[in-house]
Amino acid sequence: MRGTSNRQGLLVLVAVLLVGTAGVAFAQTERGGLFGTVVDNQGQRLPGVTITVSGVGAPQIQVTGADGQFRFPALSI
């Protein structure tokens, strides 16, 4: 009986691990982010600069903020 109990416990553990990792496998996406800061030759941040990223999907456009930073959080790769 003891061997059967251990085998059942092992099967339950394996089943739980498989179910737990299935979500990770399906969570894989083909997306990435691009973040940066636009500066001039003296290293000063440049606000109001238009940044265009083209490629898969329609081109995306961002304008740098007051701190010269831009964000493209979800680009197709």
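Hey, among the residues in the range 50-59 that are open to solvent by less than 80 Å² (accessible area, probe 1.4 Å) and at pLDDT 90 or above, which one's nearest to GLU30 (Cα to Cα)?
Out of the qualifying residues, it is VAL53.
Of all residues being among the polar types (S, T, N, Q) and in a loop (DSSP other than H, G, I, E, B) in the range 35-49, which is least open to solvent (accessible area, probe 1.4 Å)? Just the residue, please.
GLN44
Which pairs turn up if I take residues in the range 50-71 that are part of a loop (DSSP other than H, G, I, E, B) and look for partners that are charged (D, E, K, R) with beta carbon separation below 7 Å, at least 6 apart in sequence or on another chain?
ASP67/ARG45; GLY68/ARG45
Taking the options GLN69, GLN42, GLN62, name whichever one is polar (S, T, N, Q), at pLDDT 90 or above and in contact with a Lys or Arg (Cβ under 7 Å, 6 or more places away or on another chain).
That would be GLN62, the only listed residue that is polar (S, T, N, Q), at pLDDT 90 or above and in contact with a Lys or Arg (Cβ under 7 Å, 6 or more places away or on another chain).
For the range 65-77, give me each residue that is open to solvent by less than 90 Å² (accessible area, probe 1.4 Å) and either more than 13 Å from LEU34 (Cβ to Cβ) or touching a Cys at 6+ places or on another chain (Cβ under 6 Å) (or both).
Listed by number, the residues that qualify are GLY65, ASP67, GLY68.
For the range 52-64, name all the residues that are more than 13 Å from GLY36 (Cα to Cα) and of a type in the set (A, V, I, L, M).
VAL56, ALA58, ILE61
Out of the residues in the range 19-39 meeting the condition of being modelled with pLDDT under 65 and of a type outside the set (Val, Ile, Thr), tell me which one is farthest from LEU75 (Cα to Cα).
Only one residue tops the list, namely GLY20.
The values are calculated or read from the model by the stated rules, or taken from the named source; none is laboratory data. Note that the structure is a prediction, hence the values are computed from the model and not measured. Neighbour counts run over all protein chains shown; Cβ positions are idealised from the backbone, glycine included. Note: areas computed on protein heavy atoms with side chains; ligands, DNA, RNA excluded. Shrake-Rupley method; radii C 1.70, N 1.55, O 1.52, S 1.80 Å.
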